[in-house]
Amino acid sequence: MAPAAVTAPAAPRRRWHPGLTMTTPKVPAADATLRVLTFLAAQRAPIAAARIAQQLGLARSTTYDLLATLSGHGYVMHLGEERLYGLGPAAQELSGAYLRQEPLARFGRRVIETMVDDVGESGHLAVLHGRDVLYVVEERARNRPSLVTDVGVRISAHLTASGRAILAELPPAQLRALFGTREDTDLRLAGEKDVHVSCLCPDGMWTPMLFDKLEEPGASMSFSGVLLQPEQIAERALRILGRPRAVTSVPRWRGVQARAFDLVPGLAARLAPWVVRLSRVQQRATARRLRGA
């Protein structure tokens, strides 16, 4: 009888994922660490260690050791009760550092510095990051009020002028992806149907806070454009309930103007000093009107 052939079991196949190198790494531990971080970054929610090990073809003991080390440095967050792992705050700080150093910041800094010198007002460059705006560059003008923003700071996009300007230029499908998914899903799970999410973008609104800014030159841009009364914005909101739209600018011409300036950014930059001077004129006129009242 011929001897039976003996074959060794095949090694588990390494699954491909973003960042996986197809050659044998010179530093396996570093390679495995980066693969774990890349894999976690691609997930929509925290994930179990066993799943990480399975997807990356790593031994479970190795995976747990890597996760424990990364957790100790803040790059991974361990949800103990659920036994799940996700990216930690240190990973967020690392991404913020990249944004500060990437070409967008290096190029944008020169543009912002020139604009601040020409206009005489503080300026910043922000990018949309999920539902937030992330400030990448900030240049503060002399003798101007300090800003609450700073490089690396994240603020909800709909709460800032920069964020609303970016949102106003997004197509409806993108707005729905950003702001409609979670709310739509929650409402539909609750039994609601025909759900629509609309973004209302008022040019400006008069608030009691502006009384304290009437004599402050650095706040003149708060008086540019149209200062709406709360009831005017409420009226437009009621109109949207009857006829939902993805984005509604109040007044409507402001949205058209924003899109026109987007098509000709050089024109917007040249007009910036004129807009600042006009805003100061409007600020002084508002102060005189209120004193006369």
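Anything in the stretch 262-271 that is touching a residue at least 24 places away in the same chain (Cβ under 8 Å) and either loosely packed, with under 14 Cβ neighbours inside 10 Å or touching a Leu at 6+ places or on another chain (Cβ under 8 Å) (or both)? List them, or say none.
Listed by number, the list holds a single entry, D262.
If you check D117, D150, which single one turns out to be closer than 24 Å to L278 by Cβ, exposed (fewer than 15 other Cβ atoms within 10 Å of the Cβ), among the charged types (D, E, K, R) and free of Cβ contacts under 8 Å to residues at least 24 places away in the same chain?
Just a single option satisfies the conditions, and that option is D117.
Can you confirm whether the stretch 6-14 contains a residue that is at pLDDT 80 or above and either in a helix (DSSP H, G or I) or touching a helix residue (DSSP H, G or I) at 6+ places or on another chain (Cβ under 8 Å) (or both)?
Looking for residues that are at pLDDT 80 or above and either in a helix (DSSP H, G or I) or touching a helix residue (DSSP H, G or I) at 6+ places or on another chain (Cβ under 8 Å) (or both), one finds none in the stretch 6-14, hence no.
Determine whether P208 is surrounded by 15 or more Cβ atoms within 10 Å (Cβ to Cβ) and of a type outside the set (V, I, T). Working first, answer last.
Numbers: surrounded by 15 or more Cβ atoms within 10 Å (Cβ to Cβ): no; of a type outside the set (V, I, T): yes.
Taking the combined requirement at face value, the residue does not satisfy it.
Out of the residues in the stretch 239-256 meeting the condition of being of a type outside the set (A, V, I, L, M) and in a strand (DSSP E or B), tell me which one is surrounded by the fewest Cβ atoms within 10 Å (Cβ to Cβ).
T248
Being assigned to a strand (DSSP E or B), modelled with pLDDT of 75 or more and either in contact with a Cys (Cβ under 8 Å, 6 or more places away or on another chain) or β-branched (V, I, T) (or both) is the requirement here; does I155 meet it? I'd like the intermediate steps shown before the answer.
Details: assigned to a strand (DSSP E or B): yes; modelled with pLDDT of 75 or more: yes; either in contact with a Cys (Cβ under 8 Å, 6 or more places away or on another chain) or β-branched (V, I, T) (or both): yes.
Yes, satisfied.
Test R144 against the stated conditions and say whether it is surrounded by 14 or more Cβ atoms within 10 Å (Cβ to Cβ), under 27 Å from R106 (Cβ atoms), modelled with pLDDT of 70 or more and touching a Pro at 6+ places or on another chain (Cβ under 9 Å).
Taking the combined requirement at face value, the residue satisfies it.
Condition first: under 18 Å from G80 (Cβ atoms) and either hydroxyl-bearing (S, T, Y) or within 30 Å of the chain's Cα centre (by Cα) (or both). Now tell me which residues in the stretch 44-65 satisfy that.
Across the stretch 44-65, the qualifying residues are A45, P46, I47, A48, A49, R51, I52, T63, Y64.
Can you tell me which residue among R259, R236 is of a type in the set (K, R), in a helix (DSSP H, G or I), surrounded by 15 or more Cβ atoms within 10 Å (Cβ to Cβ) and assigned by TED's automatic domain parsing to the domain that holds R176?
It is R236.
Scan the stretch 282-293 for residues that are loosely packed, with under 13 Cβ neighbours inside 10 Å and assigned to a helix (DSSP H, G or I) and jot them down. Write out each step before concluding.
Here is the first cut: in the stretch 282-293, the ones loosely packed, with under 13 Cβ neighbours inside 10 Å are 285, 288-293.
If the condition is that a residue be loosely packed, with under 13 Cβ neighbours inside 10 Å and assigned to a helix (DSSP H, G or I), then A285, R288, R289, L290, R291, G292 are the ones that fit.
For the stretch 261-293, name all the residues that are of a type in the set (A, V, I, L, M), out of contact with any helix residue (DSSP H, G or I) (no Cβ under 7 Å at 6 or more places or on another chain) and modelled with pLDDT under 75.
Within the stretch 261-293, L263, V264, A293 meet the criteria.
Please work out if A30 is at pLDDT below 80 and either touching a His at 6+ places or on another chain (Cβ under 6 Å) or surrounded by fewer than 12 Cβ atoms within 10 Å (Cβ to Cβ) (or both).
No: the conditions fail for A30.
The values are calculated or read from the model by the stated rules, or taken from the named source; none is laboratory data. This structure is a prediction, so every number in the text was calculated from the model and none was measured. FYI the Cβ positions are ideal-geometry reconstructions off the backbone, even for glycines, and counts take in every protein chain you see.
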